[in-house]
Amino acid sequence: MRRGVAARRFFSTCPRLSAVLSERQKDLLKLNLTEVVEWIKTDKTNATEVAEATSTQIERVNEEFKLNAFCVHENDQIAEEKKKGPGNWKEDLILKASSLSHNSSDSSHPSERLYGVPVGVKDNFCQKGARTSCASKMLHSFSAPYTSTVVDQLEKNGALVPSIHCNMDEFAMGSGSVRSVYGPVHNPWIGNEDNGEFSRSAGGSSGGSTASVASFALYASMGSDTGGSIRLPASWCGVVGLKPSYGRVSRHGLVAFGSSFDCPSFATRSVRDSALLLDCISGSDPLDVNTIPEGPTNFAKDPSIWNITDLSSSSSSSPGRPLRIGIPKEYNVQELSKEYLSLWESVAESYRASGAEIVEVSMPHTSYALGCYYIISGAEASSNLSRFDGIRYGHRDERPLPIEELVEVSRSTGFGPEVKRRILTGAFVLSQGSYNEYFRRAQQVRRLIYNDFTNVFQNVDVMLTPVAASYAPTISSLQNNKNPVDEYVCDIMTIPSSLAGVPAISVPVALSSTGLPLGMQLIAPYGGEKSLLTAAHALEEMSRFSPFPKPLHVL
Amino acid sequence: RTRSKLFSRAPSPFEGDSESDPPNSRIGFCDGGLPGALPTINKRAMEQAALTGVSLGGRLNLFNRFDRKHYFYPDLPNGYQITQQFFPIVTGGGIELLSDEVMLSDEESRANYLAEVAKFRRQQSNPDSEGPSEKQFGARKQKRREEAMQRVSDYKKRFDDLSVIPFHDFRASHGWEETLTGEEDNGGFKRYKKTVRINRLQLEQDSGKSLHDQHPSLSFVDLNRAGTALVEIVGEPDLHSSQEAVVYVRKLQRLLQVIGSSEAELDRGSFRCDVNISVRPFIPEGQKGPSMELYDAQTLAAINKPGRVEVKNLNSFKIVKLAIDYEIERQIKSLEAGIPVSYETRQWDGSKDQTYKLRSKESSVDYRFLPDPDLPPMVLSEEFEKSTKDTIASIKLPDQIRSLLCAPPFLLPLEVAIILVEEPGAFEYFNSMIAAFPETLSKAPAATSQWIVSELLGHLRKTNLTVSQSPIPPAQLASIVDAIEREAITGKIGKQLLQMMYDGDKRMANEITKELGLEVISDEAVLRDLCTKVLDAHPEEVQKFLRGQDRVKRFFSGEIMKQTKGLAHPAKTDALLLELLALRK
């Protein structure tokens, strides 16, 4: 029991001499979610062994590689040892795993689909007993008294959710995971030009979730996607990032940013892994009235998704016809790199070779999406974040101040600059003088963008687009960005589908000339996860791009 | 009144024994403004709000949306209140006031009014006689009336230096119109009615409570109430006096209680009043603006600057009235001193009987309304609408009960019907009484109602109980009325019985009278004997009578009552006395 603490103390004083993984552990960690579930089920390993390997790798990622993929504050270790509280994630995890391992030996074999596998969550999911800080000073010491539906469903399916959460942009506002009270998340990939250093951004805002999956620390992690927050970092970290339809997964217990956009989302190592997770946690939830009134999905075991090699008869809308893939011409933006554009073309070509039909489509209102998104999400954010006043919980100025001043000072010092920028933008667009001009108009534009999708999906099953303009930029370039809009541009490919609430997935496809991952995005109609997964799995399996390489230098 | 809160499953503070709940023990995650918590709509709250609105004659809106209204306050956990700013569940509707209700609503006018009605009735039933003289009211009534008149004049004196008419008058300019409601027994009595329109009825969340008196330097917040479903009923500016306001609020309260959407208890906070008050100049008939003769230039200048005062959280009818009267007086004084009334929120200070300024509304707060993205617009079904209307149709609303009581077979006087409707449980009590002794009481609804209105209520008011809390069950009171109607006891004995029952005697009237020998003496032979003895004992008085002093007859009947301890049958005794006296002529 003392091992975790002792090890941590040891690592924190001499990080260079950290733990070494055995070959067996490396092999275990290289598995994907579906595989490790199978291994545990068939007794090729057990929950304790997996938990030990995982927690060792989490520590290496934290302390040896210093990726900041997890929420560990510099002072945390000391504080944790003093408190012996929820901070002892490692002890907790191994304890939970070993209790599972013991149980499984004497009882009937577990039927839970995620039995014994650690699955991480982003730091904006509430989990009783764990700290949920949204990577903000505002909630730095906040521990929710309840558990989110997502974590609850994971645990019900046998997963072990570590109480150490994945790092992110503060309140999920950002595209680079550089705005966190725990420091920026480093991408485990090292480009040719990076001098062997982890200098690339993991993408954001769910950078910790994707980096934890890419760096072998976790088999899968939950993130959230408001305007591309899982798809972009998934592309930059070379993992699969699935954003389901809005309302497919309950938001109960996910700290709200843009309530009408927020989707609990998945970072995994394969498309099938994300389907497995989706099956486990989707379904209507009485605690979130916006959930789709349907039961959980059942995709992971649907042979019509996974056994397809020929797409010439996989249309979801007209059976027997080829899968029709739309290429929206408006996504060919000026910012898109040459390299990405040609990758886009060759992926489309490969699809055609697999029997799919490629159709050029038009989404005429795409150029309004960015402005529309920042108005509505800002408005919702300013509203959602107004509960953080320091009165009941969270950061609060120590001085005895009059109430207005107390709230003002606590909020000014508790929120970072990007969060404040969005709160102010949102408050502005909702104010009496500008509501009609901005918020109302943005809502109308949102409807037009939604109509774009509806129209296009009359003719195609899915759409194929890049995920961003390019591969992961360096953290310093993002930090030195003077104009926030430059960063907002990162989300240009992912925002329209967020506005429409339709499902989308980012699948890693190739490495750029600099050796950094590039993903392709597939978008399906609302509720059309099945065709999305079918097309994504086909892409994953295309021999030209498979198997996708892994950043083995962090093992 | 809902078991759980509007947007969470936490129990409402008005449910069950909530007084003893420790602070902050009834909080859902959403009510407490916890990160990640989402609202879920309470269907029961929607139903109750719809019922309330429809019973007020409003239009049920099938399309409902919830908006967030933003402001920072320690007892507002989310930093916004979820309300129905743009798409309320009900729009329109109103409450009809009768002048009789207004007159009955307060002590000052009540006695006056009842006397007027009584006078009017006597004239109606006996058109030849001159109006009844003051003497006929009886000494006690006379005294009560004088006291009331004194209070009225004291009250008026407070306003003597003001150019207003504080006492009620039912002017057309105040929205009153003369009416025959068709339910009164007295076709010619002047009666007025007016409708106070309702603008809208919206569902919203309650806030928590800030407690500033628990600690010398700290304030505390109790969120038990936060998130409770609240129905806000916004009236149009149709009220022209504190009395009208009180009647409006009372009638609204009764309605809520009758349809069961709220306990509507002012002192427990399940019914709260915010009153907006502004005064306007007196504009004489036929003129377009206030006259220069009544107001000087500086007053007119002040009047021309618009202003309005909102007095928040008035928690009793008495305070509603006091606060309005105080504000009217304050605002008029202010205007007459040339100081315009500003837009501000004030609070009632019960220790000083005055209002004080809480905050100014001059710089309007921008609430930055946002359609709540957590709650999709709620479209009510047509079945919902139908079932709401069916429910209302199946409930007897207070005004309907009143009409019922004034119509055959009851034919109660309007003022009695008003009181029966106004008193919680009185109508049910009345029905139970009749049901207990249908043979006698159904023929005497007026007497039955009088026993509730004048006798039972008198006892109950002393102990601050309502009719529904009466320690005397309806059947027991009915047994008294039954005995009287059967002429088994006199009214006086009836009152004694009531006192005994009130003091804990659980027996029916006939059981008590049997045991105590309190039954009326109606045996003619016994009475004749008694009368003869009394006449024999007082030859002088007999002579007086025979000389034409009719009043002496009362002396004889008094003597007989004295001897029989009030048990002699009054009518029979009177008849016998006359008969015997005539024999002695």
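The values are calculated or read from the model by the stated rules, or taken from the named source; none is laboratory data. What you see is a predicted model; the values in this text were computed from it and never measured. In this analysis, Cβ positions are derived from the backbone assuming ideal geometry, glycine residues included, and neighbour counts consider all displayed protein chains.
What the table below lists for this structure:
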{"read-out": "Within region B:370-425, considering residues that are within 14 Å of chain A (Cβ to nearest Cβ) and free of Cβ contacts under 8 Å to residues at least 40 places away in the same chain, the one farthest from B:Leu98 (Cα to Cα)", "value": "B:Pro373"}
{"read-out": "Residue match in region A:450-468 (condition: away from every other protein chain (no Cβ under 14 Å), closer than 17 Å to A:Ala202 by Cβ and part of a loop (DSSP other than H, G, I, E, B))", "value": "yes"}
{"read-out": "Residue in region A:262-277 that is under 16 Å from the mean Cα position of the chain (by Cα), crowded, with 23+ Cβ neighbours inside 10 Å, within 14 Å of chain B (Cβ to nearest Cβ) and not hydrophobic (A, V, I, L, M, F, W, C) present", "value": "yes"}
{"read-out": "Checklist (1) crowded, with 24+ Cβ neighbours inside 10 Å; (2) at pLDDT below 95 applied to A:Glu193, failing item", "value": "(1)"}
{"read-out": "The listed residue being in contact with a helix residue (DSSP H, G or I) (Cβ under 8 Å, 6 or more places away or on another chain) and either surrounded by fewer than 24 Cβ atoms within 10 Å (Cβ to Cβ) or closer than 12 Å to A:Lys122 by Cα (or both), out of A:Ser205, A:Ser201", "value": "A:Ser205"}
{"read-out": "Test: residue in region B:547-566 that is under 30 Å from B:Thr463 (Cα atoms), in a loop (DSSP other than H, G, I, E, B) and within 46 Å of the chain's Cα centre (by Cα)", "value": "yes"}
{"read-out": "Scan of region B:485-544 for residues that are β-branched (Val, Ile, Thr) and closer than 19 Å to B:Met561 by Cβ, ordered by number", "value": "B:Ile489, B:Thr490, B:Ile493, B:Thr513, B:Val520, B:Ile521, B:Val526, B:Thr532, B:Val534, B:Val542"}
{"read-out": "Matching strands (runs of 3 or more DSSP E) fully within region B:1-99 where at least 3 residues are more than 9 Å from chain A (Cβ to nearest Cβ)", "value": "B:80-83, B:94-98"}
{"read-out": "Candidates A:Ser136, A:Ser107, A:Ser141, filtered to the one that is among the polar types (S, T, N, Q), surrounded by fewer than 17 Cβ atoms within 10 Å (Cβ to Cβ) and either at pLDDT 80 or above or closer than 18 Å to A:Pro264 by Cβ (or both)", "value": "A:Ser141"}
{"read-out": "Of residues in region B:210-234 being more than 12 Å from every other protein chain (Cβ to nearest Cβ) and surrounded by fewer than 17 Cβ atoms within 10 Å (Cβ to Cβ), the one nearest to B:Thr83 (Cα to Cα)", "value": "B:Glu232"}
{"read-out": "Filtered residue count, region B:461-492, keeping only those that are free of Cβ contacts under 8 Å to residues at least 12 places away in the same chain and crowded, with 21+ Cβ neighbours inside 10 Å", "value": "0"}
{"read-out": "In region B:272-313, the residues that are crowded, with 18+ Cβ neighbours inside 10 Å and hydrophobic (A, V, I, L, M, F, W, C)", "value": "B:Cys273, B:Val275, B:Ile277, B:Val279, B:Ala302, B:Ile303, B:Val309, B:Val311"}
{"read-out": "When residues of region B:281-336 are limited to those that are part of a strand (DSSP E or B) and among the aliphatic types (A, V, I, L, M), the one farthest from B:Lys352 (Cα to Cα)", "value": "B:Val309"}
{"read-out": "Considering residues of region A:166-175 that are in a loop (DSSP other than H, G, I, E, B) and either under 12 Å from the mean Cα position of the chain (by Cα) or of a type in the set (Phe, Trp, Tyr) (or both) only, the residue modelled with the lowest pLDDT", "value": "A:Ser175"}
{"read-out": "Only listed residue being free of Cβ contacts under 8 Å to residues at least 24 places away in the same chain, surrounded by fewer than 17 Cβ atoms within 10 Å (Cβ to Cβ), assigned to a helix (DSSP H, G or I) and away from chain B (no Cβ under 12 Å), chosen from A:Ser412, A:Ser476", "value": "A:Ser412"}
{"read-out": "Residue match in region A:378-400 (condition: in a helix (DSSP H, G or I), over 26 Å from the mean Cα position of the chain (by Cα), more than 10 Å from chain B (Cβ to nearest Cβ) and more than 30 Å from A:Ala500 (Cβ to Cβ))", "value": "no"}
{"read-out": "When residues of region A:320-361 are limited to those that are surrounded by fewer than 16 Cβ atoms within 10 Å (Cβ to Cβ), without any contact (Cβ under 8 Å) to a residue 40 or more places away in the chain and assigned to a loop (DSSP other than H, G, I, E, B), the one nearest to the chain's Cα centre (by Cα)", "value": "A:Asn332"}
{"read-out": "Any hit, region A:223-234, residues being at pLDDT 95 or above, out of contact with any Phe, Trp or Tyr (no Cβ under 8 Å at 6 or more places or on another chain) and within 13 Å of chain B (Cβ to nearest Cβ)", "value": "no"}
{"read-out": "Among residues of region A:125-166, those that are closer than 13 Å to A:Gly394 by Cβ and not polar (S, T, N, Q), counted", "value": "8"}
{"read-out": "Only one of B:Tyr367, B:Tyr356 that is surrounded by fewer than 20 Cβ atoms within 10 Å (Cβ to Cβ), within 14 Å of chain A (Cβ to nearest Cβ) and either more than 24 Å from the chain's Cα centre (by Cα) or in contact (Cβ under 8 Å) with a residue 60 or more places away in the chain (or both)", "value": "B:Tyr367"}
{"read-out": "Residue check for B:Leu516: in contact (Cβ under 8 Å) with a residue 24 or more places away in the chain and either more than 30 Å from B:Ser470 (Cβ to Cβ) or surrounded by fewer than 16 Cβ atoms within 10 Å (Cβ to Cβ) (or both)", "value": "no"}
{"read-out": "Answer residue from region A:431-445, given it is facing chain B (nearest Cβ under 9 Å) and over 29 Å from the mean Cα position of the chain (by Cα) and is nearest to B:Arg368 (Cα to Cα) among those", "value": "A:Ser431"}
{"read-out": "3 or more residues closer than 29 Å to B:Phe29 by Cα: qualifying strands (runs of 3 or more DSSP E) within region A:194-278", "value": "A:220-225, A:263-268"}
